[in-house]
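Visitor: Dropping the structure in here first, questions after.
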Amino acid sequence: MKVMIVVTHLLGTGHLSRALTLGRAFLRTGHETFVVTGGMPAPQLDSSGMTLLGLPPLRSDGTDFTRLLTQSGDVADPAYLEAREAALVEAVQSFTPDVLITELFPFGRRSLASEFTAALEAAHTLPHRPVVLGSIRDILAPPSKPSKAERAEEIVRRYYDGILVHSDPGIVPLEVSWPVTDQLRERLFYTGFVAPEAPAPHPDAMGKDEILVSAGGGSVGQPIFHAAIEAARKMPNRRWRLLVGGQDAPARIEQLQKLVGDAPVTLEPVRPDFRQMLPLAAASVSMCGYNTALDILQSGTPAVFVPFDDGKEVEQSLRGQSLSNLPAIEILPSKELDGAALAQAVATVMSEGSRPVSTKGFDGADRSVEIACSLRGQA
């Protein structure tokens, strides 16, 4: 079976990371997998075995997802967006997928509706129409007005055979963040959470007894790194390792290095072995994105989450609330973030020790493959 996944990450790399985890699950079961990515390059993520096509890349202007920028920082003009749309349509027509999966759209990426819709139209006009599925995380950005939810549902009814909801309805039903009508509910397939296999401890013991600080693949986590350097001064007997992501990571590391002084801090770019470092770490400090939250749950590492809540973003705060009652997890709102508060929160979770690790409910990628194959068999 030929599977095509279309994803554009605009802020950080979480959407792409989850799409690639899905892609690896299809590969494991012998399916040809083609991933079309429209965000900034993220070479640290594992795409081995898949065919990867990069559209002319885009990123958001901070949290303004209506203002799209090119890799050089210029505003994407109509010609640039048309080139992306043409490349995406050509990819659909030349690959002729048996299954087409769009990540987030139509529940988000409204600024890219033209290219997604063009791809869906192209899929529906192929000689053998593919099964068309949406792929969404546990918690969405709630629609700001009813018309946005109505438009998304209209697109679902017109083009989609189903929506893969990467959550457990007993833990986080979609209704937590999105209005679910009876008609939409009929198209929802809950998969469980999409995560790679639980990380094994690093063979070289990297990260052992350290406090690992990560903030995704973009620049929005800079306040967390600033606070971590100050917190490290208050905990001089503990090494803090700050993993800085994004296209501008070298410049930001250089900037942060000037603040370190004699603080027990190691600064470096994000690492592909980060997940293997987590089980050995004394604690983790991070935002509360989907992939990071699952990494923490799978590793049992004591964790402080600083949910990203700039602009109108509520997704990570909602997720943090759902995790806040678990042992060895502290939620530190961004408005309260400073060195002293972070040091206190880290000390608290470390005193509670590691959590028992659950091995159930993280097979959402494999379950997604089963659902896609079942629907393909019915088509």
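The values are calculated or read from the model by the stated rules, or taken from the named source; none is laboratory data. The structure presented is a predicted model; accordingly, all values stated were derived computationally and were not measured. Keep in mind that these areas ignore ligands, DNA and RNA; they rest on the heavy atoms of the full protein, side chains included. Shrake-Rupley method; radii C 1.70, N 1.55, O 1.52, S 1.80 Å.
Visitor: First compute the accessible area of the chain with a 1.4 Å probe, then give the percent of it belonging to carbon and sulfur atoms.
Guide: Numbers: 8120 of 16070 Å².
Answer for the chain is 50 percent, counting heavy atoms of protein chains only.
Visitor: I would also like to ask the following. Could you work out Rg/(2.2 N^0.38 Å) for the stretch 148-191, with Rg from alpha carbons only?
Guide: Working: Rg = 10.2 Å, N = 44, 2.2 N^0.38 = 9.3 Å.
Ratio of Cα Rg to 2.2 N^0.38 Å: 1.10.
Visitor: Now for a separate question. Past 22 Å, Cα to Cα: identify those pairs from LYS148/LYS312; LYS145/LYS335; LYS2/LYS148; LYS258/LYS335, in the order given. Could the numbers behind the result be given before it?
Guide: On the way: LYS148/LYS312 15 Å; LYS145/LYS335 26 Å; LYS2/LYS148 32 Å; LYS258/LYS335 24 Å.
Too far apart for the 22 Å limit: LYS145/LYS335; LYS2/LYS148; LYS258/LYS335.
Visitor: Another question, then. Show LYS258, LYS148 ordered by accessible area, largest first, where the area counts protein heavy atoms only and the probe is 1.4 Å.
Guide: Working: LYS258 160, LYS148 60 Å².
Putting LYS258, LYS148 in descending order of accessible area: LYS258, LYS148.
Visitor: Express the C-alpha Rg of the chain as a ratio against the empirical globular expectation 2.2 N^0.38 Å, rounded to two decimals.
Guide: On the way: Rg = 20.6 Å, N = 379, 2.2 N^0.38 = 21.0 Å.
Normalised Rg, Cα atoms only: 0.98.
Visitor: Nearest 500 deg cm²/dmol is fine: what mean residue ellipticity at 222 nm does the chain get from its DSSP H runs of n ≥ 4 alone, each adding -39,500 (n - 2.57), divided by its residue count? Please report the intermediate quantities before stating the final value.
Guide: Values: 12 runs with 140 residues, N = 379.
Estimated from H runs of four or more residues: -11500 deg cm²/dmol.
Visitor: Ignoring ligands and nucleic acids, what accessible area does ILE171 show with a 1.4 Å probe (Å², nearest 10)?
Guide: That residue has around 110 Å² of solvent-accessible surface.
Visitor: In Å, what Rg and Dmax follow from the Cα atoms of the stretch 219-337?
Guide: In order Rg, Dmax, the Cα atoms of the stretch 219-337 give 14.0, 38 Å.
Visitor: Using just the Cα positions, wrap the stretch 59-114 in a convex hull and report its mean projected area in square nanometres, one decimal place. Please report the intermediate quantities before stating the final value.
Guide: Details: hull surface 18.1 nm².
Over every viewing direction, the Cα hull of the stretch 59-114 projects on average to 4.5 nm².
Visitor: Could you tell me how far the Cα centroid of the stretch 182-257 sits from the Cα centroid of the stretch 105-130, in Å?
Guide: Answer, in whole Å: 33.
Visitor: Give me a comma-separated list of calculated 3J(HN,Hα) values for the stretch 335-346, in order, Karplus coefficients 6.51, -1.76, 1.60 applied at θ = phi - 60°, integers in Hz, x for any Gly or Pro.
Guide: Working through the residues one at a time gives 5, 9, 6, 7, x, 5, 5, 5, 4, 5, 5, 5 Hz.
Visitor: Could you go through the stretch 270-280 in sequence order and give the Karplus-derived ³J(HN,Hα) for each residue, using 6.51 cos²θ - 1.76 cosθ + 1.60 with θ = phi - 60°, rounded to whole Hz, and x for Gly and Pro?
Guide: Once rounded to whole Hz, the list reads 3, 10, x, 9, 4, 5, 6, 6, 4, x, 8.
Visitor: Binned at 5 Å from 0, what are the whole-percent values of the Cα-Cα distance distribution for the stretch 333-379, short to long?
Guide: Each 5 Å bin holds this share of Cα pairs: 5, 15, 12, 10, 10, 9, 11, 8, 8, 7, 5, 1.
Visitor: Using modelled backbone amide H atoms (1.01 Å from N, in-plane), which distant-in-sequence or interchain residues come within less than 5 Å of VAL36's amide H?
Guide: Placed amide hydrogens put ILE5, VAL6, VAL7, LEU53 under 5 Å from VAL36.
Visitor: Could you go through the stretch 175-190 in sequence order and give the Karplus-derived ³J(HN,Hα) for each residue, using 6.51 cos²θ - 1.76 cosθ + 1.60 with θ = phi - 60°, rounded to whole Hz, and x for Gly and Pro?
Guide: For the stretch 175-190, the Karplus curve yields 4, 4, 10, 9, x, 10, 7, 4, 5, 5, 4, 5, 9, 8, 10, 6 Hz.
Visitor: Under 20 Å between alpha carbons, and skipping anything fewer than 8 positions from LYS360 in its own chain: which aspartates and glutamates qualify?
Guide: Excluding near neighbours in sequence, the set is ASP138, ASP168, GLU197, ASP295, GLU370.
Visitor: Past the 16 angstrom mark, what percentage of all C-alpha to C-alpha distances in the stretch 274-379 do you count? All intermediate terms of the calculation are to be shown ahead of the outcome.
Guide: Values: 3423 of 5565 pairs.
I get 62 percent for the Cα pairs in the stretch 274-379 exceeding 16 Å.
Visitor: Find the accessible area per residue for the chain; the probe is 1.4 Å, ligands and nucleic acids are left out, and the unit is Å².
Guide: On the way: 16070 Å² over 379 residues.
Value for the chain: 42 Å² per residue.
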